[in-house]
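The values are calculated or read from the model by the stated rules, or taken from the named source; none is laboratory data. No experiment lies behind these values; they were computed from the predicted model shown. When we count neighbours, we look across all protein chains shown, and the Cβ atoms used for this are built from the backbone with ideal geometry, even at glycine. Only protein heavy atoms, including side chains, enter the accessible area calculation; ligands, DNA and RNA are left aside. Shrake-Rupley method; radii C 1.70, N 1.55, O 1.52, S 1.80 Å.
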Amino acid sequence: MIPHDMPSSRELVESVREWLERDVLTGTTGRLQFHARVAINVLAMVERELAVGAEQAAAHQARLDALGCADEAELAAKIRTGELDGDLDRVRELVWASVRDKLSVANPKYLEP
Amino acid sequence: MSTPPANGQRNGPSNGSATERLAAQLSSVLDGAEVTDLVRLSGGASRETWRFTAHGDAADGAGTRPLILQRQRAGDGRDMGVEASVLRAAGAAGMPVAQVVASGTGDDSPLEASFMVMTAVEGETIARKILRDDEYAEARRVLPAQLGAALAQLHAIPVDAAPGLVEQDQIAYYRGVMDTLGQPHPTFELAFRWLEQHRPTSPRTTIVHGDFRLGNVIVGPDGLRAVLDWELAHLGDPMEDLGWLCVKAWRFGSRLPVAGVGEYRQLFEAYEAAGGGRVDPDEARWWEVLGTLKWGIMCILQCSAHMNGFSRSHELAAIGRRVCENEHDLFLALEGRW
């Protein structure tokens, strides 16, 4: 449990994103409007991460465990040294799953065919 | 880069006296031609770009013409003189490029830094406009062949035509960059391993542009007008330029693999027809995979500029979260090829 009152962090971020969309985007042009659009995308990304972050963290850790690695750094090092060469199909399958999780937060449209 | 170019945008108010001083310096390197309308177009981390009009410069038969100045910033160790010599060699070989009018290198140059003055070529550089606007429909039709022919012309230039260009092993170089950044990526390690195990067996060595793609070319309604941005030129396998041109990021959302305007076969056939030599599609693909990996690492680098305080910006920060797009592209490019 967290001690904070309403709104949640996700709802706070959402409120700022809505303000950017409603007032800032419509009241700006050119470079400033472009940067407002980037800010909206960033906040939407944070909202998605806050929604699925815990679940994704658990899934990612389970994949690392399955490959006998404590973290990404160990997995990357073992791929480089060839230690996982006998199991590369599985390595690729699990790394691919993590990449899809990252994209589902960073830019879900990219996953559309 | 993925951000909109700053073309046509004046970055901040110029200090009047500094601009006047630059105009006087430009006049001195253009045999006393009068310099007017001097405006800064963009200011990158390593160089400034200015546009101006020269009246009465001797090389132009004392006429009036628009010119472009590129001036290097202090602290950038690259030698713009090498770039100027490559650009001159490319022009001599018949490639569509801006003509170098004057150049100088080092702190004792008349402009207090390395510089190049080039003819201004009219046209569009913004990729999304070239790919979408009706005005460029005919350009899109002819670009695949024009891009292939231009690369064939470049790769036919003798390597000693532009002294000072160097060759380096890109896998070793980018592995080093990754290690310096300290953000390990398993997907990139899988790609590095694939690249090492599938290296092209008999690469040629030619002059390579190094950043040949939409965004770095000027296009008119009639097609390709000039190839720009030669600062990454080096010696290497000519297939590097063909592969880079096909990297997914440089399709800017289009489904067509070659610069977002054409099919692989159109590029390869035009390249071969213009004397570029036979293209092995698998070798071009190898370079496309390396290019995709390189662009991913460059995204980490851009994000690092924010993270390390060099240039605080939410735009740069957000690019860090685009690295997974490159990882996704690598998996797609290597599907069925592992």
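Using a 10 Å Cβ count of at most 10 others and DSSP loop calls, identify the longest part of chain B lacking such trypsin sites (Lys or Arg not before Pro).
My reading of the result: B:1-254 is the longest stretch.
If I fit a long axis through the Cα atoms of helix B:264-273 and take the longest principal axis of the Cα atoms of chain B, what angle between them do I get, 0 to 90°, rounded to 10?
Helix B:264-273 and the main axis of chain B meet at about 60 degrees.
Given a 1.4 Å probe, show me the residues in region B:307-338 buried by at least 20 Å² of accessible surface when comparing the whole protein assembly to the chain alone.
Checking the loss per residue gives B:His314, B:Glu315, B:Ala318, B:Arg321, B:Cys324, B:Glu325, B:Glu327, B:His328, B:Phe331, B:Trp338.
Just by accessible area at a 1.4 angstrom probe, what is the order of B:His306, A:His4 from largest to smallest?
Largest accessible area first, the list is A:His4, B:His306.
In percent, how large is the relative contact order of region B:95-237, given Cα pairs closer than 8 Å and 6 or more residues apart?
Taking the mean separation of contacting Cα pairs over the length of region B:95-237, I get 35 percent.
I'd like the accessible area for B:His328, computed on protein heavy atoms only with a 1.4 Å probe and all protein chains in place. Round to 10 Å², please.
For B:His328, the solvent-accessible surface is approximately 10 Å².
Could you work out the per residue convex hull volume over the alpha carbons of region B:109-165, in cubic angstrom?
Taking the convex hull of the Cα positions in region B:109-165, it is 147 Å³ per residue.
What's the magnitude of the charge dipole for chain B around its Cα centre, counting Lys and Arg as +1 and Asp and Glu as -1 at the beta-carbon? Answer in Debye, nearest 20.
Its charge dipole is roughly 780 debye.
What is the magnitude of the charge dipole of the protein assembly as shown about its Cα centre, with +1 placed on the Cβ of each Lys and Arg, -1 on the Cβ of each Asp and Glu, and no other charges, expressed in debye to the nearest 20?
Using Cβ point charges on Lys, Arg, Asp and Glu, the protein assembly as shown gives about 580 debye.
From the mean inverse distance of alpha carbon pairs (Kirkwood) and the Cα radius of gyration, derive Rg over Rh for region B:16-119.
Reported Rg/Rh (Cα atoms, Kirkwood Rh): 0.95.
Give the residue from A:Trp96, B:Val29, A:Gln33 lying farthest towards the positive end of the charge dipole for the protein assembly as shown; charges sit on Cβ (+1 for Lys and Arg, -1 for Asp and Glu) and the dipole is referred to the Cα centre.
After comparing all options, I get A:Gln33.
How tilted is helix B:170-181 with respect to the longest principal axis of chain B? Cα atoms for both, answer in degrees (0 to 90, nearest 10).
With rounding to tens, the tilt is 80 degrees.
Helices from chain A with mean Kyte-Doolittle at least 0.0 and a Cα length along the axis of 24 Å or more, per DSSP H: which?
Helices meeting the criterion: A:30-66, A:88-106.
At 222 nm, what value in deg cm²/dmol follows for chain B if DSSP H runs of at least 4 each add -39500 (n - 2.57) and the sum is divided by all its residues, to the nearest 500?
So the helix-based figure for chain B works out to -13000 deg cm²/dmol.
I need the semi-axes of the equivalent ellipsoid of region A:9-107: take the C-alpha gyration tensor, multiply each eigenvalue by 5, square-root it, list largest first in whole angstrom.
Calculated on Cα positions only, the semi-axes equal 38, 15, 9 Å.
Viscosity 0.890 mPa s, temperature 25 °C: give me the Stokes-Einstein translational D for the protein assembly as shown in µm²/s, with Rh taken as the Kirkwood radius over C-alpha pairs.
101 µm²/s
Which GluC sites (Glu not before Pro) from region A:5-113 combine a DSSP loop assignment with at most 14 other Cβ atoms within 10 Å?
When the GluC sites (Glu not before Pro) of region A:5-113 are filtered for loop state and at most 14 Cβ neighbours within 10 Å, A:Glu83 remain.
Report Rg/Rh for region B:176-240, rounded to two decimals, where Rg is the Cα radius of gyration and Rh the Kirkwood radius.
My calculation puts Rg/Rh at 1.10.
What FRET efficiency comes out for the pair B:Ala58/B:Val177, r = Cβ-Cβ distance, R0 = 56 Å, nearest 0.05?
0.80
If you rank B:Ser202, B:Ser311 by how much accessible surface each has, with a 1.4 Å probe, what is the order from largest down?
Ranked list, largest accessible area first: B:Ser202, B:Ser311.
What accessible surface, in Å², does a 1.4 Å probe find on B:Ile171, ignoring ligands, DNA and RNA and rounding to the nearest 10?
The value for B:Ile171 is about 10 Å².
Identify the GluC sites (Glu not before Pro) of region B:117-159 meeting these criteria: DSSP loop state and at most 16 other C-beta atoms within 10 Å of the C-beta.
Passing sites in region B:117-159 are B:Glu122.
Nearest 10 degrees, 0 to 90: what angle lies between the long axis of helix B:323-334 and the longest principal axis of chain B (Cα atoms)?
Long axis of B:323-334 versus the principal axis of chain B: about 50 degrees.
Answer with one residue from B:Val227, B:Gly309, B:Leu147: the one whose Cα lies farthest towards the positive end of the charge dipole of chain B, charges on Cβ with Lys, Arg +1 and Asp, Glu -1.
Among B:Val227, B:Gly309, B:Leu147, the one farthest towards the positive end of the dipole of chain B is B:Gly309.
What nm distance separates the two modelled labels at A:Ile2 and A:Ala57, each placed 7 Å from Cα along Cα→Cβ?
Roughly 1.1 nm, to one decimal.
Would you mind counting up the charge near B:Asp133? Only other residues with Cβ under 12 Å from its Cβ, with Lys and Arg at +1 and Asp and Glu at -1.
Net of charged neighbours comes to 0.
Which of the lysines could be linked to B:Lys129 by a straight reach, that is with a Cα gap under 26 Å, when you skip same-chain ones fewer than 8 residues away?
List returned: A:Lys109, B:Lys248, B:Lys294.
If every alpha-carbon in region B:165-284 counts as one equal scatterer, what log10 I(q)/I(0) does Debye give at q = 0.18 1/Å?
-1.17
Given B:Ala172, B:Leu293, A:Gly86, which one lies farthest toward the positive end of the charge dipole of the protein assembly as shown, if we put +1 on the Cβ of every Lys and Arg and -1 on the Cβ of every Asp and Glu?
Ranked along the dipole, the leading option is B:Leu293.
Based on the Kirkwood radius over alpha-carbon pairs, what is the Stokes-Einstein translational diffusion coefficient of region B:127-334 at 25 °C with 0.890 mPa s viscosity, in µm²/s?
138 µm²/s
Can you tell me the dipole magnitude for region B:97-166 around its Cα centre, using point charges on the Cβ only (Lys, Arg +1; Asp, Glu -1), in Debye to the nearest 20?
Here region B:97-166 has a charge dipole of around 420 debye.
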